[in-house]
1. Against the condition farther than 19 Å from HIS143 by Cα, modelled with pLDDT of 90 or more and in a helix (DSSP H, G or I), how does ILE32 come out, does it pass?
2. Could you look through the stretch 53-95, keep only residues that are polar (S, T, N, Q), at pLDDT 90 or above and assigned to a strand (DSSP E or B), and pick out the one that is nearest to PHE128 (Cα to Cα)?
3. How about the stretch 96-115: which of its residues are farther than 16 Å from LYS146 by Cβ, under 18 Å from the mean Cα position of the chain (by Cα) and at pLDDT below 90?
4. For the stretch 89-100, which residues satisfy the criterion of being in contact with a strand residue (DSSP E or B) (Cβ under 7 Å, 6 or more places away or on another chain), of a type in the set (A, V, I, L, M, F, W, C) and touching a residue at least 40 places away in the same chain (Cβ under 8 Å)?
Amino acid sequence: MKRSTKQRKRKYNMKRILIVILVILLVISGGIIAYKTWNSKFKQAQPGSKEAAGKALESDDFRYEAQVTIGKNGFEPSTITVKTGTRVFWVNSDNIKHTLILDPGSDEELHFGNKVIEAGSGYGHSFFRAAHFSYHDGNNPSHTGKLFVKEED
């Protein structure tokens, strides 16, 4: 018995719909896995603990690493000089969120933007070109920091 054209089209459309649904489910599950993986890197035990500072450094897509801690007393260290190829991590060891704000006049070409860093969390940025940045904490503008990126020797 021959199938009608309508039946063949309906079957073809059903297959297309099933494929689209499967692709959507795969994308969603991949996104969930990626989010959980990323989120676990920055999930901290207790704000201000040594574990909170250390977990933000778990990554391997850079040659060098440096860390700046943000706390009640500001940035520590307040001035840092690194080589190109360094990933700098700003780690919030406080129990409140802080905002890393790039000051006007900093090297805008390598602008890493203003970042809200939740309590016990961190933000990392890799620098591959020489530059200089001045920044401050949006919660307390008197807390300032400077970053100098120098070419490798």
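The values are calculated or read from the model by the stated rules, or taken from the named source; none is laboratory data. Since the structure is predicted, the reported quantities are computational estimates derived from the model, not experimental observations. Neighbour counts are summed over all protein chains in view; Cβ atoms, including those assigned to glycine, are modelled from backbone coordinates with ideal geometry.
1. When the stated conditions are applied, ILE32 does not pass them.
2. Within the stretch 53-95, the match that is nearest to PHE128 (Cα to Cα) is THR81.
3. Within the stretch 96-115, GLY113, ASN114, LYS115 qualify.
4. none
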